[in-house]
Amino acid sequence: MENFVPYLIVALIQVAISLGIFGFVMVNALLLTLAERKLLGWMHQRLGPMEVGPWGLFQPFADMIKLLTKGDVIPKAADKFFYSYSALIAFTPSFITFAFIPFGLVGGIKLVAADTEIGVLMISAVMALSVIGIILGGWSSGNKFSLLGAVRTAAQEISYEIPKTLAIIAVVMLAGSMNVYHISSIQRVWFIAPQFIGFLVFFVSSLAEIFRIPFDLAEGESELVAGYNVEFSGIRFAFFFFAEYTYLFVTSAVITALYLGGGSGPEFLPWGLSSLFWFLLKSFAMVGFILWFSRSLPRVRADQLMNMAWKIMLPLSLVNIIWTAFIVLNENLLKIVVK
Amino acid sequence: MNDYSFGYLFVGIFALVGLAMGLIAFFLAFALRPKRIDSDLATTSYECGIPPKTDSKIKFNIRYIVFALIFVAFDVEAVFLYPWAVKVKELGTYAIFEVTLFIAILLVGYFYAWGRGLLKWD
């Protein structure tokens, strides 16, 4: 931010950007629920939702009305306060993470609501807060399945947090900054090339953190009936899922910013609008890839999940840091990778 | 207020708006949904149709807590690595040797835990 620009104007621009992002969050989650069901349908050689509206386009709104008007069932065994509000604890952090996502550079203004110097660290820190909501939800339901789902969630999230953090550290080493926009704009070569091991570790850990299918042990339908959200219905269930779909996009956006060059790409629109276009295109392509990936694989076992985190992903991420140190020390290599 | 705290103001705004959005939706649901649950059975815990015999505070595997302890060590390590990672380009070879030493000390504990079978899930 330039010092000569008066704060008021900057603040107004930031508020406008924030309003845009608020709108985007709502549309995005609704759109993704439909997109997932459509994609799943096509993969099963079905059509997916077709009844509500043309081509099933209004299905998310029908779901929303249905979930809003569901009766309020609170199990007798539940801890009322935490049962009622844990969904909000899970949802609010997912909303905050959007503040750090660099959507592009339009007309010389960064489309980031909170352009902080430690953005990458903030994203993973805020994402980790959601787990508290999920664990509280599982524990307070007063159900054995959901308690097991909750402790599994805890174990899974903390195990994959470490390789994910270490993968981000390697990216920070290359970029020399933790500012998400800076990282995305400094890439001469997309970081997926020099950081391929790191990308794999980050991708797998992220899938585990957002409970996508090969790692959805916290809500495994066939073993824990639905894990932490067995007892939830209506609006609370809706908010747990809102959070999950929001994280699906946030994860894809973070992968885009860290590994796929953010908004870089051929410029074909005026005022730098193409950076916004490329960022969204790459992010949604990543969302599609994650959906495809998770529908193609069977669920892993609990022991395989933990072994993979501690005995494969953690050593791999350390190897990746050493490899990155090698690039950072070699000036000629570094010049090829970053601007 | 300076450039540094300016960004965090918006983090706060996002937190408030997120929470407000949730509360508004909760209130909407409260206003729209039927007030009465007719069946007493609806509020019993779901256990695949069989009435639950005990409450939900069951014993679960101690492994979960062991993993949490190992996690703390590694997570603190990761936090120490962040400031180093930002500056490593300027600090050069010396910094990398130092961090190798730092990680090596932690790896001793890691391999000890592995050798004792603490990373095995059974």
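Read the figures in this text as sums done on the coordinates, not as results from a lab. Treat the numbers as computed from the prediction; the structure is a model and nothing was measured. Neighbour counts are summed over all protein chains in view; Cβ atoms, including those assigned to glycine, are modelled from backbone coordinates with ideal geometry.
Explain nothing, just the number: dipole magnitude of region B:3-115 about its Cα centre with +1 on each Lys and Arg Cβ and -1 on each Asp and Glu Cβ, in debye rounded to the nearest 20. Before the final figure, lay out each step's value.
Numbers: 9 positive and 9 negative charges, 82 e Å.
That gives region B:3-115 a dipole magnitude of about 400 debye.
Distance from the Cα centre of region B:77-107 to that of region A:54-114, in angstrom?
Taking the Cα centre of each part, region B:77-107 and region A:54-114 sit 38 Å apart.
Determine, from the Cβ-Cβ distance of B:Ala104 and B:Ile58 and an R0 of 45 Å, the FRET efficiency 1/(1 + (r/R0)^6), rounded to the nearest 0.05. Numbers along the way, then the final one.
Details: r = 41 Å, r/R0 = 0.91.
Rounded to the nearest 0.05, the efficiency is 0.65.
Could you rank the peptides B:29-42, A:90-103 by their average count of other C-beta atoms within 10 Å per residue, with the highest value first? Show your work: numbers first, answer last.
On the way: B:29-42: 10.7, A:90-103: 26.1.
In descending order of packing, they fall as A:90-103, B:29-42.
How well do other chains shield peptide A:319-325, expressed as the mean number of their Cβ atoms within 10 Å of each residue Cβ? Intermediate values should be presented prior to the final figure.
Numbers: counts 0, 0, 7, 4, 0, 3, 8.
Average neighbour count from other chains, rounded to a whole number: 3.
Give me a single rounded figure for A:22-29: the average over its residues of other chain Cβ atoms within 10 Å of their Cβ. It would help to have the intermediate numbers written out before the result.
Details: counts 5, 0, 0, 4, 1, 0, 0, 0.
Counting Cβ atoms of other protein chains within 10 Å of each residue's Cβ and averaging gives 1.
Work out from phi, with θ = phi - 60° and the Karplus expression 6.51 cos²θ - 1.76 cosθ + 1.60, the ³J(HN,Hα) of each residue of region A:330-339, listed in order in whole Hz, and give x for Gly and Pro.
3J(HN,Hα) across region A:330-339, in whole Hz: 8, 4, 5, 5, 4, 5, 5, 7, 10, 7.
Each residue of region A:123-134 in order: what ³J(HN,Hα) in whole Hz does its phi give by Karplus 6.51 cos²θ - 1.76 cosθ + 1.60, θ = phi - 60°, with x for Gly and Pro?
4, 6, 5, 5, 4, 5, 5, 4, 4, 4, x, 5
Report the semi-axes of the equivalent ellipsoid for region A:73-337 in whole Å, largest first, where each axis is √(5λ) for an eigenvalue λ of the Cα gyration tensor. Working shown, then result.
Working: eigenvalues 233, 92, 44 Å².
Each semi-axis is √(5λ); the values are 34, 21, 15 Å.
Rank-order A:148-157, A:164-173, A:183-192 by packing density, defined as the average count of other C-beta atoms within 10 Å over each peptide's residues, highest first. Show your work: numbers first, answer last.
Working: A:148-157: 23.9, A:164-173: 25.9, A:183-192: 20.7.
With the highest mean Cβ count within 10 Å placed first, the list reads A:164-173, A:148-157, A:183-192.
Please list, ordered by chain and number, the residues whose modelled amide H lies under 5 Å from the amide H of A:Ile109; skip anything fewer than 5 residues away on the same chain.
Amide H neighbours of A:Ile109: none.
Given charges of +1 on the Cβ of Lys and Arg and -1 on the Cβ of Asp and Glu, with all other atoms neutral, how large is the dipole of the protein assembly as shown about its Cα centre, in debye to the nearest 20? List each step's numbers first, then the result.
Values: 32 positive and 30 negative charges, 135 e Å.
Computed charge dipole of the protein assembly as shown: roughly 640 debye.
Mind checking the mean number of beta-carbon atoms from other chains within 10 Å of the Cβ atoms in B:98-105? Could the numbers behind the result be given before it?
On the way: counts 0, 3, 3, 0, 0, 4, 0, 0.
Mean inter-chain Cβ contacts per residue within 10 Å come to 1.
In sequence order, what are the phi-derived ³J(HN,Hα) couplings for region A:52-69 according to the Karplus relation 6.51 cos²θ - 1.76 cosθ + 1.60 with θ = phi - 60°, rounded to whole Hz, with x for glycine and proline?
7, x, x, 6, x, 5, 8, 3, x, 5, 4, 4, 5, 4, 4, 5, 5, 9
Of the options A:Leu39, A:Gly265, A:Leu174, report the single residue whose Cα projects farthest towards the positive end of the charge dipole of chain A (beta-carbon charges: Lys, Arg +1; Asp, Glu -1).
Of the candidates, A:Leu39 comes out farthest on the positive side.
Gap in Å between the Cα centre of region A:301-321 and the Cα centre of region B:1-61?
Region B:1-61 and region A:301-321 have Cα centres separated by 32 Å.
Semi-axes of region A:1-56's equivalent ellipsoid from the Cα gyration tensor, sqrt of 5 times each eigenvalue, largest first, rounded to whole Å? Each step should come with its number before you reach the end.
Values: eigenvalues 351, 25, 7 Å².
Rounded to whole Å, the semi-axes are 42, 11, 6.
Give the span of region A:218-309's Cα atoms along each principal axis, as three whole-Å numbers ordered largest to smallest.
Sorted largest first, the three principal extents are 52, 35, 20 Å.
Assuming R0 = 35 Å, can you tell me the calculated FRET efficiency for the pair B:Ala31 and B:Leu9, based on Cβ-Cβ distance, to the nearest 0.05?
Working: r = 32 Å, r/R0 = 0.93.
For B:Ala31 and B:Leu9, the calculated efficiency is 0.60.
Going Cα to Cα from B:Lys89, which lysines come in below 24 Å? Please leave out same-chain ones fewer than 8 positions away.
Those lysines meeting the cut-off are A:Lys164, A:Lys335, A:Lys339.
When averaged across all projection directions, what area in nm² does the alpha-carbon convex hull of the protein assembly as shown cover? Write down the numbers at each step before the final one.
Numbers: hull surface 97.7 nm².
Directional mean of the projected Cα hull area for the protein assembly as shown stands at 24.4 nm².
Assign one of three labels to region A:14-127, namely rounded, prolate or oblate, based on the Cα gyration tensor with a ≥ b ≥ c the square roots of its eigenvalues; rounded applies when a/c is under 1.5, prolate when it is not and a/b is larger than b/c, and oblate otherwise.
On the way: a/c = 2.28, a/b = 1.24, b/c = 1.85.
It comes out oblate by the Cα gyration axes.
Do the sum for the protein assembly as shown: with -39,500 (n - 2.57) for every DSSP H run of n ≥ 4, divided by all residues, what is the mean residue ellipticity at 222 nm, to the nearest 500 deg cm²/dmol? Kindly include the intermediate steps, with their values, before the conclusion.
On the way: 16 runs with 304 residues, N = 461.
Helix-only estimate at 222 nm: -22500 deg cm²/dmol.
Work out how far the C-alpha atoms of chain B reach from end to end along every principal axis, then list the three figures in whole Å, largest first.
71, 52, 16
Can you tell me which of A:258-266, B:93-101, A:73-81 comes out highest on packing, and rank the rest after it, using the mean Cβ neighbours within 10 Å? Walk me through the numbers before you get to the answer.
Numbers: A:258-266: 22.0, B:93-101: 13.4, A:73-81: 15.8.
For the peptides A:258-266, B:93-101, A:73-81, the packing ranking is A:258-266, A:73-81, B:93-101.
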